[in-house]
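Before any comments, here is the structure.
Rule-based calculations on the coordinates, nothing more; no lab input. None of the values given here were measured: they were computed from a predicted structure. Reconstructed Cβ throughout: ideal geometry from the backbone, glycine too, with neighbour counts over all protein chains shown.
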Amino acid sequence: MSEIWDVLIVGAGAGGSAVAAYLSDFDINVICLEQGDFPNINNLPSTKSNWETFRWSEFNPNPNVRKLKEDYPINCDESPIAVANYNAVGGSTVLFSGHYPRFHPSDFKVKSVDGIAEDWPISYAELAPFYELNRKFTAVAGLEGDPAYPEIKNLLPPVPIGKMGEKLAKGFNSMNWHWWPAYSAIATRKFGDHAPCINLGPCNLGCPQGAKSSADVSHWPHALRNKVQLQTGCRVSQVLVNEFNQAIGVKYFDRSGKEREIRSLFTVLACNGVGTPRILLNSKSDLNPKGIGNSNDLVGRNLMLHPLAYVEGIFEENLDSHLGPQGCSIASHEFVESSPARGFVRGFTMQALRGPSLSEATRSYQLQKILEWGNNHHESVRKRYSRTAHLSIIVEDLPELSNRVELDPILKDSNGIPAPKVTYKLGENTKRCMAFGINKAREVLIASGAHTTSAFGPVRETGWHLMGTACMGDNPATSVTDKWGEVHDCENLFIADSSVFVTSSSVNPTATIQALALRTAARINERFRS
Amino acid sequence: MGGYEKPANHQHLAAIELLVESLIPFDSETGLPSAEFMDFSKFLDAKGELEEYLLEFGKLIEKLELKLGVKFSQISVDLFIYDKDLKKGLTNILGMRLVDYYYQIPQVRAYYAQNIPAPFPQGNTLLALDYELLEGVHSRGPIYRKV
């Protein structure tokens, strides 16, 4: 225990991996503690004949269903959306679909442009160099010239959009609505440690080919080659501070269940928008009676989850919609920006989803009560499967103090650490936005040729995007960290995950998590040298 | 009622066998097979769920006896199958697992053109982007707000 590391990272997912990869290029001793293990890409579900069934067991996105030794329970009884995650080196990116857009310029200035929530303390222009820097590690496929963004250059070729994508693209064109090939964290040709994608399909069960830029493929090989120490099977319970309330390390349980301490000059929490506030809230002491960083009672609050609706259209012809990278075909940013006539502020994106697989599709029909039994059973499947186009509506969630993560008073994990409890309700603005989005998705599906549409939302098992629970800001009274991710109340403690998001945008957050994490790492490097 | 502490007897099994086949019957149009109870029960057994499901099935039988006022052994299996409430109850209990089992059958998956045995390492060939489709989108110019 005598060793003092320069930088200690907690969590080897999207944010932690980016910090590790960045700092590994400098003369800094870095260690990372991760509660999961390194995924074995040779043993992922897509290599097995019964690959689909793993979605309902050890590769289920819900940790309460998965119940692996590295998982901790999460009480989501008071939320219509269940938290989804994956605890491993690479974190939830192991199971993410790879949809990888940036936030838009206005996403950082919602108060200035729309008069709601708060502005971020940084702008798109300040973050743009770090989006670029991240492409050193992450394979980003897409197409230049997208009118939804300032110029983005040097992308890998887009993932093929497939028959379903083309059908929908024509529908969007007939409405004169924006669409564009999806930004995808997928190597469409050889890139670094990645193999080129061969369109296996179920990216959200892990990519056995190593074509998807999950952090175990994109960032960790670089960090490990540069001698970053990665210790798996270690679950952190709390941050340790000295008498000046400066972070000095963490307390954790090793694989055998033995409680240990580790010391560092700088500590970085990167455990996602639920795991990070959990550790902060559990770090109670005389100096921090409500937990670290929580003197203003904001830790855990303002949880944003990107409520998601699915809208489906059934077509007469076969669209081969079950084939190809599940989350990456085309996306529309037509309704991202506010329009006063709509009755809500901010907006949503529409993302074409491929799949689901046969088992997942028929399960979904059963859950929707549209699966017929008896003599009509086969026809009820035949007329839908691979003839259905799917659009997801990703709604920009607004921060609300009552939506929060707390410590559950009863539920504990296998090490006896209090489990997180999520309390969440959809705000009125979110509900109106989602209803509007569902109608627009139905319109474009019909314009594309669908003869029948159906919709449901919010979808419960979609709480992947965990944002806002330790938000950044210039004012210590109204935020948890400064604009670099350093906790106002606790010097040398940084946060490098989506907890620091001020608002949520209407796009997937991983590209922004990693750009912010690289920016935070650059700040730590500066601080270390000073 | 009693008598059903044990999950099922052979009469119950005969009934559930017929029910499983009636929920997903043979399809003469495509040749898709019916759901076979023996294979389905093996599937449940492998998951350690067979006893639980048969227990639920036994509870349904208790309901049927209450409803009709006779012992199960005195009822025609056909009546059970065509009792809408009970069939719905059984579907609710068995439906998801029946789907899980049936749509893993190689013959069924082959019909729906799913990769067998697994997506890796074959992959898929997909329709590529027709860039002309984007001309109208691009010509609109920027749609993001400059802040």
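At-a-glance table
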| read-out | value |
| --- | --- |
| Among residues of the range A:46-87, those that are assigned to a loop (DSSP other than H, G, I, E, B), among the small types (Gly, Ala, Ser) and either under 18 Å from the mean Cα position of the chain (by Cα) or surrounded by 20 or more Cβ atoms within 10 Å (Cβ to Cβ) (or both), counted | 3 |
| Which numbered condition A:THR188 fails, given (1) over 21 Å from the mean Cα position of the chain (by Cα); (2) crowded, with 20+ Cβ neighbours inside 10 Å; (3) closer than 30 Å to A:GLU443 by Cβ | (3) |
| Any hit, the range A:387-408, residues being outside any helix (DSSP H, G or I) and facing chain B (nearest Cβ under 8 Å) | no |
| A:LYS431 being free of Cβ contacts under 8 Å to residues at least 60 places away in the same chain and basic (Lys, Arg) | yes |
| Residue match in the range A:188-207 (condition: β-branched (Val, Ile, Thr), more than 8 Å from chain B (Cβ to nearest Cβ) and within 28 Å of A:SER386 (Cβ to Cβ)) | yes |
| Residue count for the range B:102-147, restricted to those that are part of a helix (DSSP H, G or I) and either at the interface with another protein chain (Cβ under 7 Å from one of its Cβ atoms) or closer than 18 Å to A:PRO157 by Cβ (or both) | 8 |
| Unique residue being closer than 30 Å to B:PRO119 by Cα and surrounded by fewer than 19 Cβ atoms within 10 Å (Cβ to Cβ) when the list is A:ASP286, A:ASP320 | A:ASP320 |
| The lone exception for A:SER106 - which of (1) part of a loop (DSSP other than H, G, I, E, B); (2) under 21 Å from the mean Cα position of the chain (by Cα); (3) surrounded by 19 or more Cβ atoms within 10 Å (Cβ to Cβ) it fails | (1) |
| Candidates A:GLU34, A:GLU70, A:GLU58, A:GLU3 - the one that is free of Cβ contacts under 8 Å to residues at least 12 places away in the same chain and more than 30 Å from A:ASP146 (Cβ to Cβ) | A:GLU58 |
| Helices (runs of 4 or more DSSP H) completely within the range A:160-266 that count 3 or more residues being touching a strand residue (DSSP E or B) at 6+ places or on another chain (Cβ under 8 Å) | A:162-175, A:220-225 |
| Matching residues in the range A:128-166 - criterion: being free of Cβ contacts under 8 Å to residues at least 40 places away in the same chain and in contact with a Ser or Thr (Cβ under 8 Å, 6 or more places away or on another chain) | A:LEU156, A:PRO157, A:PRO158 |
| In the range A:339-385, the residues that are of a type in the set (S, T, N, Q), surrounded by fewer than 22 Cβ atoms within 10 Å (Cβ to Cβ) and over 22 Å from A:ASP397 (Cβ atoms) | A:SER364, A:GLN366, A:GLN368, A:ASN375, A:ASN376, A:SER380 |
| Residues of the range A:109-128 that turn out to be at the interface with chain B (Cβ under 9 Å from one of its Cβ atoms) and crowded, with 17+ Cβ neighbours inside 10 Å, as a count | 3 |
| Qualifying residue in the range A:100-107 (condition: away from chain B (no Cβ under 14 Å) and touching a residue at least 60 places away in the same chain (Cβ under 8 Å)) | yes |
| Hits in the range B:92-101 (condition: facing another protein chain (nearest Cβ under 7 Å) and either in a loop (DSSP other than H, G, I, E, B) or of a type in the set (Val, Ile, Thr) (or both)) | B:VAL99 |
